[in-house]
1. Would you be able to tell me the number of residues in the range 16-46 that are touching a residue at least 40 places away in the same chain (Cβ under 8 Å), in a loop (DSSP other than H, G, I, E, B) and surrounded by fewer than 14 Cβ atoms within 10 Å (Cβ to Cβ)?
2. Filter the range 149-159 down to residues that are surrounded by fewer than 20 Cβ atoms within 10 Å (Cβ to Cβ) and in a strand (DSSP E or B) and give me whichever is modelled with the lowest pLDDT.
3. Of the residues THR165, THR204, which single one is part of a strand (DSSP E or B) and of a type in the set (Val, Ile, Thr)?
4. Please enumerate the residues belonging to the range 172-201 that are assigned to a loop (DSSP other than H, G, I, E, B) and open to solvent by 30 Å² or more (accessible area, probe 1.4 Å).
5. Are any residues in the range 101-150 of a type in the set (Lys, Arg) and more than 14 Å from ASN171 (Cα to Cα), and if so, which ones?
6. For the range 216-237, indicate whether the set of residues that are modelled with pLDDT under 60, open to solvent by 10 Å² or more (accessible area, probe 1.4 Å) and under 24 Å from ALA126 (Cα atoms) is non-empty.
Amino acid sequence: MLSAADQQIQIKLKTAEEDYVIDQNVFSVSSNSSQIELQGLIKNLLDISESDTEFSFRVGDEILQNTLRKYCESSNFSGETVLEIEYHEKRKAPEESVVVALDDWLGGVAAIDSRCFAGLYNGQLAVISLDGSNKTYEIHNKPIKSISYIKQFVEDAKHKDLLVTSSLDQNLCYVAVDDTDSSCLYTLRGHTETVTCCAVSPSTEQIVSGSWDTHLKVWSTSLTDPCDSEQRSKTKEKRCLPISTCSDSSFDFRWSHARDNRCVLER
């Protein structure tokens with residue numbers, strides 16, 4: 001424990017950010033020093049006193065919130081050894097750049113570099129550009145519960161984005177989106193309750209869906225699979241194979257990036 005009310009303690013300042021490394025890093029400072037004093041010390045040493053740059057400080061496993069004395073008292077630090085303090089530049093929190101008001105609640109969102117997609121509770125898919133403009137398309141007849149981006153593909157000499165949506169109507173849809181239109185390519189039938197979630201494998205060759213019917217189902221994302229082509233040309237449906245039965249409803253899951261044939265279930 002520190003003895004004097006304003007005891008001098010030895011500190012060692014370190015950082016992993018090359019722009020803010022200081023040559024001399026061991027100092028004797030007052031135990032009553034807080035972030036303000038430590039920040040002033042570092043900015044003076046780096047000759048950036050007039051800069052708006054701010055730093056945060058980590059001591060052990062804690063972010064320094066009060067004085068060094070209070071940290072030492074709470075952690076039983078005696079002050080007889082050098083106290084290591086790691087500092088980092090504070091990053092400003094991101095600010096919203098575009099705000100888009102849609103027609104209904106959102107069941108899920110997905111994004112790529114050029115635009116984002118929102119599944120709405122009215123069953124529509126909203127395609128939103130970076131400037132905030134958007135178009136909506138009828139996909140399901142009940143609320144969309146989740147949406148995932150699969151891949152880009154070419155059809156009729158047009159580059160299109162392939163998405164999968166799941167819905168309260170017990171189905172999933174493979175949806176093709178280009179710059180001017182959106183359409184459901186296939187309806188994936190097989191679940192007997194609301195399809196709450198879906199995830200895309202790292203290879204984008206398969207998706208897995210989860211439902212309140214306690215089943216997981218795996219589907220191929222191939223749009224040119226010759227299997228069952230006659231039936232699919234008539235019904236636009238793909239067959240599925242349940243791979244597991246859960247003891248409870250599936251709320252969300254993801255594919256493990258370690259192996260393409262493994263998915264991780266999260267309840």
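The values are calculated or read from the model by the stated rules, or taken from the named source; none is laboratory data. Given the structure is predicted, the values throughout are model-derived calculations rather than measurements. For neighbour counting, all protein chains shown are included, and Cβ atoms are generated from backbone atoms with ideal geometry for every residue, glycine included. These accessible areas exclude ligands, DNA and RNA; they are computed on the full protein's heavy atoms, side chains included. Shrake-Rupley method; radii C 1.70, N 1.55, O 1.52, S 1.80 Å.
1. The total comes to 2.
2. Looking only at the range 149-159, we keep the residues that are surrounded by fewer than 20 Cβ atoms within 10 Å (Cβ to Cβ), and these are 149, 151-159.
Going one step further and asking which of them are in a strand (DSSP E or B), we end up with 149, 151-155, 158-159.
On the way: TYR149: 96, LYS151: 94, GLN152: 92, PHE153: 91, VAL154: 89, GLU155: 84, LYS158: 89, HIS159: 91.
If we take residues in the range 149-159 being surrounded by fewer than 20 Cβ atoms within 10 Å (Cβ to Cβ) and in a strand (DSSP E or B), then GLU155 is modelled with the lowest pLDDT.
3. THR165
4. Hits for the range 172-201 are ASP179, THR180, ASP181, ARG189, GLY190, THR192, GLU193.
5. Of the range 101-150, the ones of a type in the set (Lys, Arg) are 115, 135, 142, 145.
Listed by number, the residues that qualify are ARG115, LYS135.
6. Initial filter on the range 216-237 (modelled with pLDDT under 60): 225-237.
Remaining after also requiring open to solvent by 10 Å² or more (accessible area, probe 1.4 Å): 225-237.
Imposing the further condition that a residue be under 24 Å from ALA126 (Cα atoms) reduces the set to 236-237.
Yes.
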